[in-house]
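Colleague: Right, I'll just put the structure down here and ask away after.
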Amino acid sequence: MSSRDLPSPLRGGDGGGGVSAARSGEAPSGASTGESQAYTPTPSPSPQGGGEQAGVADVLRRLTVVFTDFEQRLEQTPLIRRLTRGRFALADYHAFLTGLRQQVKDGALWMSRAASNIDETHLELRSLLMRHAVTEHRDFRLLEADFVASGGELADIQGAEKNVGSEALSAWMFHEASRPNPFGLLGAMWIIEGLGSIKAAEWGAMVRDRLSLPDHAVRFLLYHGENDAEHIEEFRQMLAMVLPDEAVARRIVRTAEVTARLYVLQIEEMAG
């Protein structure tokens, strides 16, 4: 599934808001087929009329351009090239799980910090971010379970240091989350949640098939796509809470651009 297969400007199938994969316990219908599930949310009625709708649509178009470039860069990283070209080894999968665990673990932390820096005029957005953080704060445990189920030692993944890209990405996310009203982080969420909804199930099926692993050893990837699809509609609702505002729109898009570049660096550093 590529970005061209998904509706524009909103597309959906990544160191929350729906039912967490770690707690669902069941694979979504079609998750084991290896194809990403396209998801087209139904737009919610806008209480502020056409201006808000146009502002959200414009930002979504700009974010789609950023994501398309991000997806292309990811496909050129050594780790993903090995996966898509049939040269993926168990060591690659363990490196992927280890690197991703650090980012996923930090995710709930920077979302919580961001929520604490949102002022009282945007209480609903603060509440959504807090619920999102609560939903996902244990998801890194699922990565640990996949690591062990595929033959790794729990102490190895728990004791691993962040790679260079993960360090940079984490520092960037916490820096942005510490700003007053850090609305730009919505752009970062678009990149991370969008990756989960578009690529997770596809990559999970490839890993399972290439390495002959059981489904329970690739649960995070196989199940994360459907859960993140639910988050895409929530993301649209968040955008509507801060738009239209051109300064905010520019910050959201810029934050998405930086997050995408650092995420690619994180994946590059997983190659070993």
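Colleague: Tally up the residues in the stretch 135-170 that are assigned to a helix (DSSP H, G or I) and either out of contact with any helix residue (DSSP H, G or I) (no Cβ under 9 Å at 6 or more places or on another chain) or among the polar types (S, T, N, Q) (or both), please.
Modeller: The number of residues fulfilling the criteria is 6.
Colleague: Oh, and also: Return the residue satisfying two criteria in turn: it lies in the stretch 218-246 and is modelled with pLDDT of 75 or more, among the acidic types (Asp, Glu) and in contact with a helix residue (DSSP H, G or I) (Cβ under 8 Å, 6 or more places away or on another chain), and of such residues it is farthest from Met206 (Cα to Cα). Please lay out each step first, then the result.
Modeller: At the first step, the residues of the stretch 218-246 found to be modelled with pLDDT of 75 or more are 218-223, 233-246.
Among the residues that remain, those that are also among the acidic types (Asp, Glu) are: 233-234, 245-246.
So of that shortlist, the ones also in contact with a helix residue (DSSP H, G or I) (Cβ under 8 Å, 6 or more places away or on another chain) come out as 234, 245.
On the way: Glu234: 29, Asp245: 41 Å.
In this case the residue turns out to be Asp245.
Colleague: Now for a different question. Which pairs turn up if I take residues in the stretch 106-132 that are farther than 23 Å from Lys162 by Cβ and look for partners that are β-branched (Val, Ile, Thr) with beta carbon separation below 6 Å, at least 6 apart in sequence or on another chain?
Modeller: Taking only residues 6 or more apart or on different chains, the pairs are Leu125/Ile118; Arg126/Ile118.
Colleague: Still on this model: Looking at (1) under 16 Å from the mean Cα position of the chain (by Cα); (2) modelled with pLDDT of 95 or more; (3) within 18 Å of Leu222 (Cβ to Cβ); (4) not aromatic (Phe, Trp, Tyr), which is the only condition Val207 fails?
Modeller: Unmet for Val207, out of (1) under 16 Å from the mean Cα position of the chain (by Cα); (2) modelled with pLDDT of 95 or more; (3) within 18 Å of Leu222 (Cβ to Cβ); (4) not aromatic (Phe, Trp, Tyr): (1).
Yes/no per residue for (1) in contact with a helix residue (DSSP H, G or I) (Cβ under 6 Å, 6 or more places away or on another chain); (2) part of a helix (DSSP H, G or I); (3) of a type in the set (Val, Ile, Thr):
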site	(1), (2), (3)
Thr64	no, yes, yes
Leu109	no, yes, no
Ala114	yes, yes, no
Leu123	no, yes, no
Ala133	yes, yes, no
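The values are calculated or read from the model by the stated rules, or taken from the named source; none is laboratory data. Since the structure is predicted, the reported quantities are computational estimates derived from the model, not experimental observations. Quick reminder, even Gly has a Cβ in these numbers, built from the backbone with ideal geometry, and neighbours come from all protein chains shown.
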